[in-house]
Amino acid sequence: MSGRTDLLLYCKVRAEVYALLAGLYLDPPDDARLAVMRHPDFVAEWPLGRGQADVERGLAFLAGSLPEISAAAVREEFWRLFGTLGPAAAPPWQSVYLDRERTLMGEETLRVRALYARFGLAAERAVGVTDDHIGVQLQFLSELSRRTADRLEAGDDAGAEALLAGQRECLEEHLLRWVHQFAEKVEAAGQTGFYAGLARLTLGLLRADMALSEQSI
């Protein structure tokens, strides 16, 4: 990536992509959302991370599952994978992978909460959704990316750099320490290919994002 214009565009697209992914981890897609995703351009014109191995693998999973999958099947898989029905086959919380006690609302949850608080943000309180949930962390990246674009448009390079630093911290100190394990569990337990594709795509985007976010304005 080179130049402020490229970074500005990247941040705007990135904000939308992470908002989409966050939503799919927080709630299963309905028929309307699946119809949008079934459009051939959704996979063919995917805007970020192309060429990265995990991104391409995830898109291939999605391309194979989307034409035939139903909203009911995705909803059942969502519940089974992420713990709405019984124990989660693929826990979507950082603390389960990294906390010494492997329990929710431990050290890791509090570390993520402290990061959000530095930027004036807090996770919504919903059943099964804590600060370290993958969907909430992706919402954080989306919001900071949106703010970065705003700062760049305003000519505030220092403000944009501070926001990029927060995103790098979320990637390096949080998501990239555990999402590879999460993706493996989703692939092992998934049956439709939908969330296997989503998890692998997410991992690839985070890895590609880390490389790009290390660049300065």
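Of the helices (runs of 4 or more DSSP H) lying entirely inside region 105-209, the ones with 2 or more residues being under 30 Å from residue 76 (Cβ atoms), in contact with a strand residue (DSSP E or B) (Cβ under 8 Å, 6 or more places away or on another chain) and not polar (S, T, N, Q) are found at 134-153.
Find all pairs meeting these conditions: Cβ atoms under 6 angstrom apart; at least six residues apart or on different chains; first residue within region 127-138 and modelled with pLDDT of 85 or more; second residue crowded, with 24+ Cβ neighbours inside 10 Å and part of a loop (DSSP other than H, G, I, E, B). Here the result reads 133/92; 134/92, each pair linking region 127-138 to a residue that is crowded, with 24+ Cβ neighbours inside 10 Å and part of a loop (DSSP other than H, G, I, E, B).
Within region 24-33, if we keep just the residues that are over 18 Å from the mean Cα position of the chain (by Cα) and assigned to a helix (DSSP H, G or I), the residue that is nearest to residue 186 (Cα to Cα) turns out to be 31. Taken over region 100-113, residues that are closer than 29 Å to residue 193 by Cα, crowded, with 17+ Cβ neighbours inside 10 Å and out of contact with any Phe, Trp or Tyr (no Cβ under 8 Å at 6 or more places or on another chain) amount to 0.
Taking each residue of region 87-110 that is at pLDDT below 85 and looking for partners that are in a loop (DSSP other than H, G, I, E, B) and buried (at least 18 other Cβ atoms within 10 Å of the Cβ) with beta-carbon atoms closer than 7 Å, six or more apart or interchain, yields 104/130; 105/130; 106/99. Inspection of region 3-23 finds a residue satisfying the criterion of being on the phi > 0 side of the Ramachandran plot, surrounded by fewer than 17 Cβ atoms within 10 Å (Cβ to Cβ), of a type outside the set (Phe, Trp, Tyr) and more than 19 Å from the chain's Cα centre (by Cα).
Taking region 54-75 as the range and being among the hydrophobic types (A, V, I, L, M, F, W, C), touching a helix residue (DSSP H, G or I) at 6+ places or on another chain (Cβ under 7 Å) and closer than 21 Å to residue 187 by Cβ as the test, the residues that pass are 55, 59, 61, 62, 63, 66, 69, 74. Taking each residue of region 21-38 that is under 18 Å from residue 179 (Cα atoms) and looking for partners that are of a type in the set (Ser, Thr, Tyr) and at pLDDT 95 or above with beta-carbon atoms closer than 8 Å, six or more apart or interchain, yields 21/202; 22/142. The residue that is farthest from residue 18 (Cα to Cα), counting only those in region 39-72 that are acidic (Asp, Glu) and free of Cβ contacts under 8 Å to residues at least 40 places away in the same chain, is 68. Only one of the numbered conditions (1) under 21 Å from residue 113 (Cα atoms); (2) without any contact (Cβ under 8 Å) to a residue 60 or more places away in the chain is not met by residue 141, and that is (2).
The values are calculated or read from the model by the stated rules, or taken from the named source; none is laboratory data. In this text, all values refer to a predicted model and were calculated from it rather than measured experimentally. Glycine gets a Cβ as well: all are built from the backbone with ideal geometry, and neighbour counts include every protein chain shown.
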